[in-house]
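The values are calculated or read from the model by the stated rules, or taken from the named source; none is laboratory data. The shown structure was predicted, so the numbers you read here are calculated from the model rather than taken from an experiment. Quick reminder, even Gly has a Cβ in these numbers, built from the backbone with ideal geometry, and neighbours come from all protein chains shown.
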Amino acid sequence: MKKVVTFGTFDVFHVGHVNILERAHELGDYLIVGVSSDALNFSKKGRYPIFSQEQRLRMVNAIHCVDEVFVEESLELKGEYLQQFNADVLVMGDDWEGKFDHFSKYAEVKYLPRTKDISTSEIIDTIRKLDM
Ligand code: C2G
């Protein structure tokens with residue numbers, strides 16, 4: 001069985017997230033998703049996600065092509081996670097192109113094109129600007 005692992009925050013879940021999860025699943029038989037913890041997000045972006053890690057884990061886990069989810073506590077632990085899950089493929093969006101090549105000793109590293117014209121930060125901005 002070919003195992004695929006991917007990572008992300010998946011905050012304010014949108015169709016770009018669905019697209020990458022479906023394409024990641026197509027690269028193997030079993031898709032495992034590491035969902036960034038609230039603390040990891042705070043350390044990276046200086047703010048907490050809109051949805052808590054429990055909610056984000058539940059939403060990602062509810063997607064039909066996702067077989068398993070876990071909490072990603074640190075960006076640096078990717079090698080450990082890949083070994084722990086016996087991963088064959090690591091999938092990331094191409095906004096991370098080249099950043100995780102050194103994990104190719106644990107799994108084949110593939111970067112998939114991002115879906116154009118949609119992002120969590122743009123959605124948050126649009127909602128903020130709504131005149132309600
Ligand atoms: N994505 C995409 N198209 C978009 C938006 C996001 O393909 N329009 C992809 C990203 O490339 C990523 C996944 O969806 O592979 C999750 O996106 P984010 O939640 O923004 O993830 P990020 O905060 O970049 O991940 O180890 C990585 C960390 O977990 C952070």
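Summary of values
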item: Matching residues, the range 1-13, being within 7 Å of the ligand (Cβ to nearest atom) and not hydrophobic (A, V, I, L, M, F, W, C); result: 6, 8, 9, 11
item: Subset tally (residues that are more than 20 Å from residue 82 (Cβ to Cβ) and assigned to a helix (DSSP H, G or I)) for the range 1-30; result: 6
item: The one condition in (1) in contact with an Asp or Glu (Cβ under 6 Å, 6 or more places away or on another chain); (2) within 21 Å of residue 109 (Cβ to Cβ); (3) within 11 Å of the ligand (Cβ to nearest atom) that residue 65 fails to fulfil; result: (3)
item: Tally, over the range 112-123, of residues that are in a loop (DSSP other than H, G, I, E, B) and either more than 12 Å from the ligand (Cβ to nearest atom) or touching a residue at least 12 places away in the same chain (Cβ under 8 Å) (or both); result: 5
item: Filter result for the condition that a residue is away from the ligand (no atom under 12 Å from the Cβ) and polar (S, T, N, Q), over 52, 36; result: 52
item: Sole residue being under 14 Å from the mean Cα position of the chain (by Cα) and closer than 23 Å to residue 122 by Cβ, chosen from 63, 32; result: 63
item: Flag for residue 109 being in contact (Cβ under 8 Å) with a residue 24 or more places away in the chain and more than 21 Å from residue 123 (Cβ to Cβ); result: no
item: So residue 21, is it within 13 Å of the ligand (Cβ to nearest atom), modelled with pLDDT under 95 and hydrophobic (A, V, I, L, M, F, W, C); result: no
